[in-house]
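To start, the structure under review is shown below, and the notes come after it.
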Amino acid sequence: MKISFTYILLAFAAISVFCEDFNAKLQARLNSGEKNITIPSGKYQISNLTVPENVTFSGTNGTILELDCVDKSAQVITLKGNNISLKNLKITVTSGMIEPLRSGSLKQLIGANKCNNLTLSKIAFEIPDDLYKQLLGGKNKRYVKRWDVFKVEYSSDVTMSRCRAKNFSQMLNTEFCTRVTVHDCIGRNGIYITKFSFGSEYLKYYNNWSSNVLHQMFWEGGDCGTAAHLKPRKPRTVIRGIRPGDEGYSKLLTGTYEVMCYANYAEYGKTLCWGRKGRRVIISGNSARFMTDMAYDAEGCEEVIFANNLAFNCKASGIGCFYYTDSAVITGNIVVIDDVEKDIYKGDFVRMHHRKDVESGKSIITGNLFVNRLNKPRFVKLDKCRDVLISGNKFVNGGIKTNPYGGGRMTFTGNTFISNLPEQESLIKVAKIVKEMTLRNNTFINRNPKAKPSAPAIELEFTVTKKLANERPDAVSSPVYRQLDGNSIRGWKVPVGMSAPTGKCDAKVIFINNLYEGETQFSSSITNITQQNNIKLD
């Protein structure tokens, strides 16, 4: 059958007319009680649509919903009621939506409140490249202002699966939700695939993939920084179950609970996952590379496990615990720093960060493999720790370094340090401000016979900078304890060295039962040194 050009034009005109009143007809179908709605192939403009309970809303291959709204500060689609399913839809926005999204006046596109048993499946959200460029802002013109494709509040049993997002801000943001599952989703060019926020409980997040997404997954339970700027001033406190309207309510006290993140992959973002004020968080079996901060990070959290993850070339470190973090275990991970890609990605292994009165405590770093392929060492950096144990790890061309302004109490035992570096670098650096340090049963081996003498394998720093003396005079006068026993140190010209403070230093140094090559360098300013049963190799 021969089809004329005029017939084709008429057909397209019919589709166009159908699309103009599509929103009203669709709302009428929903209001009539129709429960299974399938949208045929085509592009349809949606504006201020309400989907009631017990509705399955599906598209077919080629179905595109173009979101627009008259009120540019209100959401476009409202999900209202239980047992709603959105499936197999492609969603974008009109050009008229760009300005309210860019300015921040429009916070969310699709909203759900008290929607239990909500399913989002095979949904593809994408803003065309030319419109997305108009949204980009910030210092590097890389990320957009924060707004949600889906904002879900006070709901339970929420599932997002097999969804895709490109050129977006935040795909799913939950607040005060319970039992949230996100899996097999893909994100390109955005901020978050999932934000699990303020009082939400039980997140299972797995098998997701992202590239150029700022933070693939983020749990947000409230600010955990220093107390000075917090209102209320409680950086450590969460109150499970607190809700708006309760006495003393603040979002900073809500917390997030029971977070499980596993088997995800991220590249060229800032973190794969991180969060604040989480309780009982498990991050396991993930893989991340080329991150501009850390691959995995917990801030102000308690009972946190980082297990069996891969982190490759991250700017700050592979894994981090920031501010107040209590009872964290970092185990079975592989962190690699290789001489590939940009220098911005060549950071350290782990960082335990602090600020003023908030720092990590009761932390264990054990059974990890840390590999550095650069010519200078990389470290597990301890800014400050109330109590940290580092045991049973293998370090290749790297070690452990403390912050000269940090401090705390720490034990390093049963670790192996291998150096192939061109110089004999220090692999343990401990500052004067550290209150207690025990270094026991560790092995240090320099496997580069041509390495130039540069620094001792273990450096005990007892000098104090002017800045520290002014800010923390107690660090100058307080006594410190250093115990080195049962260690094997081979291949360094100086196995153990000490800085030379002016005057006497109130430090107790125990150096017993060690096996070493080279000549130790102990400062005469340290008068309380015990040396027994050490064996110097010829």
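The values are calculated or read from the model by the stated rules, or taken from the named source; none is laboratory data. Here the structure is a predicted model, which is why all the values come from computation and not from measurement. Cβ sites come from the backbone with ideal geometry, for glycine too, and all protein chains shown count toward neighbours. Accessible surface areas use protein heavy atoms only, side chains included; no ligands, DNA or RNA. Shrake-Rupley method; radii C 1.70, N 1.55, O 1.52, S 1.80 Å.
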Please work out the FRET efficiency for the pair R243 and K452, using the Cβ-Cβ distance as r and a Förster radius of 60 Å; give the result to the nearest 0.05.
0.40
What do the square roots of 5 times the Cα gyration tensor eigenvalues come to for segment 429-475, in whole Å, largest first, as semi-axes of the equivalent ellipsoid?
30, 15, 5
Cα-based Rg of segment 323-368 per 2.2 N^0.38 Å, rounded to two decimals?
1.43
Residue-level accessible surface for L65, protein heavy atoms, 1.4 Å, Å²
0 Å²
Give me the one-decimal nm value for the distance between modelled label points at R472 and F522, 7 Å along each residue's Cα-to-Cβ direction.
2.6 nm
In the P(r) worked out for segment 221-299, what percent of Cα pairs fall beyond 17 Å?
54 percent
Where Rh is the Kirkwood radius over the Cα pairs of segment 120-276, the temperature 20 °C and the viscosity 1.002 mPa s, what D in µm²/s does Stokes-Einstein return?
133 µm²/s
Stretched out fully, how many nm does the piece from Q483 to D506 gain, at 0.36 nm a residue minus the Cα gap?
6.8 nm
How many angstrom lie between the Cα centre of segment 243-265 and the Cα centre of segment 422-492?
40 Å
If one takes the longest principal axis of the Cα atoms in the chain, at what angle in degrees, from 0 to 90 and to the nearest 10, does the Cα axis of helix 22-31 lie?
90 degrees
Semi-axes of the equivalent ellipsoid for segment 16-155, Cα gyration tensor, largest first, Å:
25, 18, 14
Give me the accessible area per residue for the chain, probe 1.4 Å, as a whole number in Å².
42 Å²
I need the phi-derived Karplus couplings for segment 102-112: 6.51 cos²θ - 1.76 cosθ + 1.60, θ = phi - 60°, integer Hz, Gly and Pro marked x.
5, 7, x, 6, 9, 9, 8, 9, 10, x, 9
Take every Cα-Cα distance within segment 341-467, group them into 10 Å bins from 0 onward, and report for each bin the whole-number percent of pairs it holds.
13, 44, 35, 9, 0
Explain nothing, just the number: dipole magnitude of the chain about its Cα centre with +1 on each Lys and Arg Cβ and -1 on each Asp and Glu Cβ, in debye rounded to the nearest 20.
480 debye
Using only the Cα atoms of segment 167-251, what are the Rg and Dmax in Å?
14.8, 42
In segment 465-525 the accessible area split gives carbon plus sulfur, as whole percent at 1.4 Å, a share of 51 percent
Diffusion coefficient, µm² s⁻¹, Stokes-Einstein with Kirkwood Rh over alpha-carbon pairs of segment 240-281 at 20 °C and 1.002 mPa s
170 µm²/s
How far apart, in nanometres, would the label points at I37 and K342 be if each is projected 7 angstrom from Cα along the Cα-to-Cβ direction?
4.5 nm
Listed residues Y345, S327, A311: farthest to the positive end of the dipole of segment 303-360 (Cβ charges):
Y345
The correct pair for segment 411-538, radius of gyration to one decimal and Dmax as a whole number, both in Å and from Cα atoms, is 14.7, 45
Mind giving me the FRET efficiency for D387 and D71? R0 is 51 Å, r the Cβ-Cβ distance, nearest 0.05 is fine.
0.40
Using 0.36 nm times the number of residues separating T119 and T181, minus their current alpha carbon distance, what extension gain do you get?
21.4 nm
What is the extension gain from N513 to D130, computed as 0.36 nm multiplied by their sequence separation minus the C-alpha to C-alpha distance, in nm to one decimal?
131.0 nm
With axes computed from alpha carbons, what is the tilt in degrees of helix 5-20 against the longest principal axis of the chain, rounded to the nearest 10 within 0 to 90?
70 degrees
Peptides 218-226, 24-32 ordered by average Cβ neighbours within 10 Å, highest first
218-226, 24-32
Return the FRET efficiency for the residue pair A263, N533: r is the Cβ-Cβ distance, R0 is 56 Å, and the value is rounded to the nearest 0.05.
0.70
If I compute Cα Rg over 2.2 N^0.38 Å from the structure I just sent, which labelled value in [x] 1.37; [y] 1.08; [z] 1.19 lines up?
[z]
Eligible lysines near K466 by straight Cα distance, threshold 16 Å, same-chain separation 8 or greater:
K432
Convex hull volume of segment 455-503 per residue (C-alpha atoms, cubic angstrom):
92 Å³
Using only the Cα atoms, what convex hull volume per residue in Å³ does segment 307-388 have?
80 Å³
Binned at 5 Å from zero, the C-alpha pair distances of segment 493-538 give percents of 5, 21, 28, 23, 14, 7, 1
For segment 20-85, the convex hull over Cα atoms projects on average to an area in nm² of 4.4 nm²
For segment 106-125, list residues with backbone N below 14 Å from a point placed 7 Å from the Cα of N83 toward its Cβ?
116-119
